[in-house]
Amino acid sequence: MTGPVAPYGPVTPGSAVRPEAASSSGLSPERAALRKAAEGFEAIMVRKMLATARAASFAEETPLTGGGLQQFQTMRDEHFADVAAQSGAFGFARSIEAQLAQHLPVQRVS
């Protein structure tokens, strides 16, 4: 990376930019699709980090740590990863988007 990436602004959960909403947000459809893909990739990365951290747990097996609890933890981790990616909490999506946006054609204002 050549330098710090300026944030593109806060994103609240559920407000991810969709290509069809690109014209109202000032983004080209390609840039909106790129942002959505970068956020999806960040969510995958966060899910993998959480799964790896959970796999290293030293907790003892008890009747309360069975399949139901593990399924709940997985669902909670997935939701957290989606919210974190949409909010830009870790900044992975912002960095990925900035790097890949350099390869998009320049949009001319008419």
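Taken together, the values in this text are just the output of simple stated rules run on the coordinates, not laboratory data. Keep in mind that what you see is a predicted model, and the values were worked out from it rather than measured. We place every Cβ from the backbone using ideal geometry, glycine too, and count neighbours over all the protein chains shown.
Apply the Karplus curve 6.51 cos²θ - 1.76 cosθ + 1.60, θ = phi - 60°, to the phi angles in region 83-97 and return the couplings in whole Hz, x for Gly and Pro.
3J(HN,Hα) across region 83-97, in whole Hz: 5, 5, 5, 5, 7, x, 4, 9, x, 4, 4, 4, 5, 4, 4.
Given R₀ = 35 Å, what would the calculated FRET efficiency be for ALA33 paired with GLN71, taking r from the Cβ atoms and rounding to 0.05?
After rounding to 0.05, the efficiency reads 0.60.
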